[in-house]
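The values are calculated or read from the model by the stated rules, or taken from the named source; none is laboratory data. Remember, it's a predicted structure, so these values are computed and weren't measured experimentally. Don't worry about glycine lacking a Cβ; one is built from the backbone with ideal geometry, like all the others, and counts go over all protein chains shown. Note: accessible area is taken over every heavy atom of the protein model, side chains too, but ligands, DNA and RNA are not part of it. Shrake-Rupley method; radii C 1.70, N 1.55, O 1.52, S 1.80 Å.
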Amino acid sequence: MTVHGTLAAAEARITELEALDDEDLDAVLINIARISQLRDAYPNYFADTGRFTEFVGACLK
């Protein structure tokens with residue numbers, strides 16, 4: 001994970017990473033106000049399936 005001060009810097013870096021054409025690399029650009037919000041905002045990047053499981057369970061009831 002890398003934090004960039006500007007959107008332009010972040011876009012430049014993601015362009016560099018995408019140019020590597022590495023199928024094992026997933027470059028993503030996210031926007032959060034505080035780093036502490038990252039896990040809550042993007043649980044799928046942490047292999048947290050809890051919310052999805054709860055959602056599916058609720059739909060099946």
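Find the helices (runs of 4 or more DSSP H) located wholly in the chain whose residues include 1 or more that are at pLDDT 90 or above and open to solvent by 100 Å² or more (accessible area, probe 1.4 Å), and list them.
7-19, 50-60
Restricting the first residue to the range 25-40 and requiring it to be closer than 19 Å to A9 by Cα, which pairs with a second residue that is assigned to a loop (DSSP other than H, G, I, E, B) and open to solvent by 100 Å² or more (accessible area, probe 1.4 Å) meet a Cβ separation below 8 Å and a spacing of at least six or different chains?
I35/V3
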